[in-house]
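**Student:** The structure's right below; bear with me while I get my questions together.
The values are calculated or read from the model by the stated rules, or taken from the named source; none is laboratory data. Here the structure is a predicted model, which means the values were calculated and not measured. Note that each Cβ is placed from the backbone with ideal geometry, even for glycine, and that neighbours are counted across all protein chains shown. Please note that ligands, DNA and RNA were not included when accessible areas were found on the heavy atoms of the full protein model with its side chains. Shrake-Rupley method; radii C 1.70, N 1.55, O 1.52, S 1.80 Å.
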Amino acid sequence: MTYVSGNLQGERLAIDDSSEATVVGRRRRWMILLGVAVIVIAALAWFATRGDKAAPPPAAADQAPSVTVIVPGAQSVARTVAATGSLAAKREMPVGVAGEGGMVAQVLVEPGQWVRAGQVLATIDRSVQAQTAASLASQIGVARSDLTLAQAELERAEQLVDRGFISKADVQRRIATRDAAQARLRVAQATLSEQRARNARLDIRAPAAGLILTRGVEPGQIVSSASGVLFRMAREGQMEMRAQLSESDLQAIHVGSSAQVTPVGEQRSFAGRVWQVAPVIDPQSRQGIARIQLSYDPALRPGGFASATIVAGGATQPELPQSALLSDTRGNYVYIVDAQNHAQRRDVTLGTVTADKVAIASGLSGDERVVLAAGAFLNPGQLVKPVVQNKRG
């Protein structure tokens, strides 16, 4: 029993020693944490006591983003008007039957062929008309013979009247006979000339030099003055574009304005000049037509569709690179930098647009500092650091 109680006392002593060690460890940790807190507080107090000796926080201007700006100035810019329309012959000449008509014997030309003034395009059978002309030529011979006989009888009568063999009344009758024979000869000659003119009109001829556009007749076809158009020609091959323009654009166009015409499907553009501006406006479409004269080229096919850029005069306007322009639901705009270096939105109206420049029709005077790029990342009123770039850059 004594042994057991001794063991119990030993265990109690061991437990008491471990508890005391734990308490001592906890006290040591608290002392360490307290020391660290004191050091941190002391450091903060030291920085706080430095006051003005500490480095100042960076200024807002130093944090402002740098943006490249350009002062566009104002240049003389050619105002252009875009238009669409159709191609046509400047002077289209329909060719039909001018005479009595008949059966077509030959067609001598094809579309796309150049012809001279008076050239025969098609011939009409004239076998009957040729016989009529021959008959009239024979009648001229008969009339001429009658005139010769009447003239001879008159001359003999004039020789015999002085001798008293023939009275003056007989001479006067012979004079009348001679005059009637002369009249009959003239009628026969005029009738033959008329018939020959009619026969000549059986040939369908070009009224002027030009280009054959269409052919609407074939050999063996019966034609007359009621047959309508057999050929269509472009006089001297001249073409035109009939550009449709709004009322406002039409006011800016004048005769002599230069233009560039591009047919659909064609990479080339053709130089032309406005030769006529419509004096009226279509009351339905509110559009008018400017007719642009073009020199002949196989790519200019009447009836085709084309677009045109017409120079409508010049104006002094600022020009900007396309990178400076922005757009949203409100329209086109740019960012300018004001005197306090704040970015400000400025709405603009675009003028002539080229491959690398855009003219500003309204909204800018040209003296502003315009953000050249990165305007999409700015906000109205934002402070920026402008870097001026030469406008040629």
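**Student:** Sort out for me the strands (runs of 3 or more DSSP E) sitting completely within the stretch 344-393 that have 3 or more residues that are open to solvent by 80 Å² or more (accessible area, probe 1.4 Å), modelled with pLDDT of 80 or more and farther than 30 Å from Thr309 by Cα.
**Tutor:** Working: elements: 349-353, 357-362, 369-371, 385-388.
Hits in the stretch 344-393: none.
**Student:** Please verify whether Val161 is over 59 Å from the mean Cα position of the chain (by Cα) and open to solvent by 60 Å² or more (accessible area, probe 1.4 Å), treating the condition exactly as stated. Spell out how you get there, then give the answer.
**Tutor:** Working: over 59 Å from the mean Cα position of the chain (by Cα): yes; open to solvent by 60 Å² or more (accessible area, probe 1.4 Å): no.
Against the criterion (over 59 Å from the mean Cα position of the chain (by Cα) and open to solvent by 60 Å² or more (accessible area, probe 1.4 Å)), Val161 does not qualify.
**Student:** Looking at Val348, Val334, Val370 in this structure, which one is closer than 13 Å to Leu320 by Cβ, touching a helix residue (DSSP H, G or I) at 6+ places or on another chain (Cβ under 6 Å), free of Cβ contacts under 8 Å to residues at least 60 places away in the same chain and of a type outside the set (D, E, K, R)?
**Tutor:** Details: Val348 fails: touching a helix residue (DSSP H, G or I) at 6+ places or on another chain (Cβ under 6 Å); Val370 fails: free of Cβ contacts under 8 Å to residues at least 60 places away in the same chain.
Step by step, each of Val348, Val334, Val370 is checked, and only Val334 is closer than 13 Å to Leu320 by Cβ, touching a helix residue (DSSP H, G or I) at 6+ places or on another chain (Cβ under 6 Å), free of Cβ contacts under 8 Å to residues at least 60 places away in the same chain and of a type outside the set (D, E, K, R).
**Student:** Also, quick follow-up: Select the strands (runs of 3 or more DSSP E) contained entirely in the stretch 78-148, then report the ones holding at least 3 residues which are at pLDDT 90 or above and open to solvent by less than 50 Å² (accessible area, probe 1.4 Å). Break it down into steps so the answer makes sense when it comes.
**Tutor:** Details: elements: 92-95, 102-107, 120-124.
The strands (runs of 3 or more DSSP E) meeting that bar are 120-124.
**Student:** Being closer than 23 Å to Thr214 by Cβ, open to solvent by 60 Å² or more (accessible area, probe 1.4 Å) and either among the charged types (D, E, K, R) or without any contact (Cβ under 8 Å) to a residue 40 or more places away in the chain (or both) is the filter here, so list the residues in the stretch 260-281 that pass it.
**Tutor:** Gly265
**Student:** Test each condition in (1) modelled with pLDDT of 90 or more; (2) assigned to a strand (DSSP E or B); (3) more than 19 Å from Ala64 (Cα to Cα) for Leu320 and report the one that comes out false.
**Tutor:** (1)
**Student:** Can you give me the number of residues within the stretch 96-145 that are touching an Asp or Glu at 6+ places or on another chain (Cβ under 6 Å) and closer than 19 Å to Arg235 by Cα? Give the derivation first.
**Tutor:** Here is the first cut: in the stretch 96-145, the residues touching an Asp or Glu at 6+ places or on another chain (Cβ under 6 Å) are 102-103, 105, 120, 123.
Filter once more, keeping what is closer than 19 Å to Arg235 by Cα: 120.
Going through the stretch 96-145 one residue at a time, the tally reaches 1.
**Student:** To continue, here is another question. Hey, among Arg291, Arg330, which residue is out of contact with any Pro (no Cβ under 9 Å at 6 or more places or on another chain) and more than 28 Å from Gln382 (Cα to Cα)? Steps first, answer last, please.
**Tutor:** Values: Arg330 fails: more than 28 Å from Gln382 (Cα to Cα).
Only one candidate qualifies: Arg291.
**Student:** Just the residues that are in contact with a strand residue (DSSP E or B) (Cβ under 6 Å, 6 or more places away or on another chain), under 18 Å from Pro302 (Cβ atoms) and assigned to a loop (DSSP other than H, G, I, E, B), please, taken from the stretch 208-229.
**Tutor:** Ala208, Val229
**Student:** Somewhere in the stretch 268-281, is a residue of a type outside the set (Val, Ile, Thr), more than 30 Å from Val95 (Cα to Cα), in a strand (DSSP E or B) and under 15 Å from the mean Cα position of the chain (by Cα)? First the steps, then the outcome.
**Tutor:** The initial filter retains those residues of the stretch 268-281 that are of a type outside the set (Val, Ile, Thr), namely 268-273, 275-276, 278-279.
Retained after the next criterion (residues that are more than 30 Å from Val95 (Cα to Cα)): 268-269.
Now drop any that are not in a strand (DSSP E or B), which leaves none.
No: the stretch 268-281 contains no residue that is of a type outside the set (Val, Ile, Thr), more than 30 Å from Val95 (Cα to Cα), in a strand (DSSP E or B) and under 15 Å from the mean Cα position of the chain (by Cα).
**Student:** Tell me, yes or no, whether the stretch 114-136 has at least one residue that is within 53 Å of the chain's Cα centre (by Cα) and among the aromatic types (Phe, Trp, Tyr).
**Tutor:** Yes, the conditions are met somewhere in the stretch 114-136.
**Student:** If you go through the stretch 218-227, how many residues are touching a residue at least 60 places away in the same chain (Cβ under 8 Å) and under 16 Å from Glu100 (Cβ atoms)? It would help to see each step written out before you state the result.
**Tutor:** Taking the stretch 218-227 first, the residues touching a residue at least 60 places away in the same chain (Cβ under 8 Å) are 218-225, 227.
Going one step further and asking which of them are under 16 Å from Glu100 (Cβ atoms), we end up with 221-225, 227.
Qualifying residue count for the region: 6.
**Student:** Exactly one condition in (1) at pLDDT below 80; (2) open to solvent by 80 Å² or more (accessible area, probe 1.4 Å); (3) under 30 Å from Lys90 (Cβ atoms) is false for Ala200; which is it?
**Tutor:** Failed condition: (2).
**Student:** Continuing with the same structure: Condition (residue is in contact with a Leu (Cβ under 7 Å, 6 or more places away or on another chain), surrounded by fewer than 16 Cβ atoms within 10 Å (Cβ to Cβ) and on the phi > 0 side of the Ramachandran plot) applied to the stretch 282-304: is it met by at least one residue?
**Tutor:** So far as the stretch 282-304 goes, yes, one or more of its residues are in contact with a Leu (Cβ under 7 Å, 6 or more places away or on another chain), surrounded by fewer than 16 Cβ atoms within 10 Å (Cβ to Cβ) and on the phi > 0 side of the Ramachandran plot.
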